[in-house]
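A quick write-up on the structure given underneath.
Any read-out appearing in this document is the output of simple, stated calculations on the displayed coordinates, not a laboratory observation. Please read all numbers here as calculations on a predicted model, not as lab measurements. Neighbour counts are summed over all protein chains in view; Cβ atoms, including those assigned to glycine, are modelled from backbone coordinates with ideal geometry.
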Amino acid sequence: MIRSDLPHRAELLDALIWEGSDDDRKRWEAGPSAPAGASLMLVLRELPDESLAAAIRQGFLVKPAFEELFVHRYTAHLARWFYRWGSDSHAARDLMQQLFLRFYQRRLASYQAGDSFRAYLYKAAYHLWVEKVHRAHRPFPLDNIPEPRAGIAGPVPQAEAHELEERIDTALRRLPPDQQQVLRETMAGRKANEIAADLGLSKRAVFMHLFRARRRMEQALGVTARAVPKG
Amino acid sequence: MTNERDLLLYSIPPEGGAVWAEFEAAFPGKKPDCPLTADLIELALGQADDARLREHLAGCADCRALVEAYRRAGTGAAEADTESVAEEPNSVVLTGIFTMLLAGRTEEALRLLQPYLPEVLAAVGLDPGLAGRLWEFLRQKLRSERRASQASCPEWLRDFAREMLHRDDLPRQPQPEDWKPVVARCAFRKVQASPEETDGVRRLLQTAIDRGVTNPSYLDFLRLSGDPAGAVSGEECRRVIRKVSREEKRVARLFGLN
């Protein structure tokens, strides 16, 4: 497969996920043009989180979509989140494995197609952390905020947070207008269907803009999604 | 919904130098020929038994360790429903306040806590009328220390009693179970303060607070017993009960008592 084909193939697969029927998807999987193995992984890499999550819910390309979404795309994020919440590396690995296991077993049954997958995952991870680490030790959780690590003034110290905010704003201003608009709307707390209605786009297109915007932002901010490799 | 900007902020690698590097290094690497994680999970759960997979495992200590970890996680997984936790509507509050504290956004976190401060003060035997002073004290303290780790409620209260009231300690040291009526009162008061509620509903809630009611369903009994006579319909009362119950869960989560 030629790399220049990737956006086109990703677009087709995305449409199949959002607009195709189960039969359409089965026919596609059985067809001769369906990529497999490493080629398929390259195509999946071009799909928004929400499309991969929708595919998993549909039982379509579950294993490779799971690999791309959770292992490749979010292992590093999860590690950072758990770190910032104060977990040690052993606890973080345990929590991550529990999350992956639950999500795989349940095929994301509680994820609402159309919601931000990242926010959903963050919330699930946070609550697992609260249940397993935070609340397990003491009855009154406001007493439970972990001590900052030596040499770090807090999970996101204010000075660092301020600097990062500025970097985020700078990176945001450099996005292409359509991606910038979708990301700004999302940051303002609006849902994909509301943004889609306002901008006259499909929800699928909103997710694609959001995905590309996030990827550009992360590249600009040095957020390497694949830095921590294995779940 | 968790804020998109915060998610981005928290995904940036921490500037922790060696500490973060050590943390990150504890995650084993995945080699190009390693199987999909889903295959490892299925193997761990006994849902698959692929010869090629076993062959790979024989030569890959990382994957063997992962299968074993998933096996252990599978044993304990039945106890917890991670996804159901994720979809509970009130979870936004819990995530919100801890996210804010962890991010150093103490002002927002304190705003969320503010309505509950009078009840918290009463629970430790201090005058609820000191809520304003406590609020200002917390603002100053968290601003000057700039450390989310200082957001310990009993410690705040102790410091407040010592520094502002010149007491040796708190008059009362509540046990975890003592917080249940506090949570209920917080919920009643929060709904009572809502501008959309009628005077009748406010009076009904005040009656519940005065009588030390801890179960929102008891509101209907109070209504039928004619306390705030005829001012609240049955349908209205059921709506308020649901609202108080939701609020109660929210407060309980906030204090970690559920």
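Just a few scattered comments:
- For B:30-41, mean number of other protein chain Cβ atoms within 10 Å: 5
- In the structure shown, the pairs A:LYS191/B:LYS249; A:LYS26/B:LYS31; A:LYS132/B:LYS249 are assessed against 21 Å; a Cα-Cα span above that value is assigned to A:LYS191/B:LYS249; A:LYS26/B:LYS31.
- One way to sum up the overall shape of the stretch B:1-72 is the equivalent ellipsoid from its Cα gyration tensor, whose semi-axes run 32, 17, 10 Å, largest first.
- A compact globular protein would have a Cα radius of gyration near 2.2 N^0.38 Å; the ratio found for the stretch A:66-128 is 1.06.
- Computed on the Cα trace of the stretch A:10-133, the radius of gyration divided by the Kirkwood hydrodynamic radius gives Rg/Rh = 1.01.
- P(r), alpha carbons of the stretch A:1-58 - 10 Å bins starting at zero, rounded %: 23, 60, 17
- Taking other Cβ atoms within 10 Å as a rough exposure proxy, A:MET41, B:MET164 sort from fewest to most as B:MET164, A:MET41.
- Residue by residue along A:115-128, Cβ atoms of other protein chains within 10 Å of the local Cβ number 6 on average.
- Take each peptide in A:83-94, A:43-54, B:120-131, count the other Cβ atoms within 10 Å of every residue, and average; sorted highest first, the result is A:43-54, A:83-94, B:120-131.
- For peptide A:69-75, the mean count of partner chain Cβ atoms within 10 Å of a residue's Cβ comes to 2.
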